[in-house]
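Enquirer: Here it is, the structure in full.
What follows is calculated from the coordinates using simple rules that are stated; it is not laboratory data. Small disclaimer: the values here were computed from a predicted structure and weren't measured. Reconstructed Cβ throughout: ideal geometry from the backbone, glycine too, with neighbour counts over all protein chains shown.
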Amino acid sequence: MFSTPGSTQKAILFGLMGFSAYCVSDAGAKWLAQYYPIMQIVAWTYFCALILCLLFAPWLGGMKRTLQTKKLKIHIARGFFNMGVALCAVLTFSHMPITSAYTIFFLAPLVVTILAIPVYKEHVSLKHWLVIAAGFSGVLIAFPPGPAFFNPWILAAFATMFFVSALNLLARPLDAHETILSLAFYPNLINTLVLVPLTLVDPVIPPLSHLVLFVLTGAMLTLGLVGVASSFRYARHAVAAPLHYSQIVWGVAIGYAVFGDVPDLRTLIGAGIIIASGIYLIESERRSFSQRTD
């Protein structure tokens, strides 16, 4: 499935589509944070996303196959980790520029490499440890140590990154027998079931213009979940993972055009180091995989 040029092209197309959609969803959540509490933004965005999942279920593997999954515990765990991602990410975006938040989020591929050691008993060479250290140094350049480093919003960004890393780790057991719909349906369902009832204590009915943005944000969220999942289905990690870093382009563009955010040189240098470290680590894994299969 991973060897044909057509599959690689599909992976790149789906990956770029998915990560771009995530950027639009992030921007929508950041804009809504000016008017609504964090929990309401997440709850109603995922409710809209769930409705869209149900509407498009026949084209994403079908609801029957999705509900017949044999890996329900993994889907439920991913749903709760996804809730952590959503709550912490919206909290981060409400107080930080998108580009600055993405700089921290981009540590996820490096953290996954570390966490895979105890979880999947993977071996990490000294060279890889040096690359990981270089990646973390990028954060220290973008956010120098000091009292400001430990403000709640930066800590929320790190929490988001760790939740994303956990999601990536739990995605590995979800093979081709799981529908694409399942990767979006269960996170949307769990967020809706847990958070929507909590918002009914003090309900807020958004005006039509805001409701449209909630629907758009939910649609982009679902498109991101499906697009990124499809990318990893069509290609190996070494092909799909680097597409994550395309978000920096959208982050800078949307941050400037919509919110007037201009990243400073220190942030861009730190982001560049993290991206370079992640791509090198992934490329090194690709070469090692090729040598083992020759």
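Enquirer: Calculate, in nm to one decimal, what residue 127 and residue 35 gain on full extension: separation in residues at 0.36 nm each, minus their alpha carbon distance.
Expert: 28.4 nm
Enquirer: Continuing with this model, one more query. Between residue 150 and residue 73, what is the FRET efficiency for a Förster distance of 35 Å, r being their Cβ-Cβ separation, to the nearest 0.05?
Expert: E between residue 150 and residue 73, to the nearest 0.05, is 0.50.
Enquirer: Something else now. Taking the Cα centre of each part, how many Å lie between the range 35-105 and the range 14-29?
Expert: The two parts, judged by their Cα centres, are 12 Å apart.
Enquirer: Any idea how far apart residue 177 and residue 269 come out in nm if each label point goes 7 Å out from Cα toward Cβ?
Expert: 5.1
Enquirer: Next up: Can you tell me the alpha carbon radius of gyration of the chain divided by the globular rule-of-thumb value 2.2 N^0.38 Å?
Expert: 0.98
Enquirer: Mind giving me the nanometre distance, one decimal, between the label points for residue 10 and residue 253, set 7 Å out from Cα along Cα→Cβ?
Expert: Taking the simple label geometry, residue 10 and residue 253 are separated by 2.6 nm.
Enquirer: Additional query: Where does each of 245-254, 195-204 land if you order them by average Cβ count within 10 Å, highest first?
Expert: 245-254, 195-204
Enquirer: Can you tell which of 108, 116, 33 shows the greatest fluctuation in a Gaussian network model of the chain with Cα springs below 10 Å?
Expert: 116
Enquirer: Starting with the fewest neighbours, write out 215, 262 ranked by other beta-carbon atoms found within 10 Å of each beta-carbon.
Expert: 262, 215
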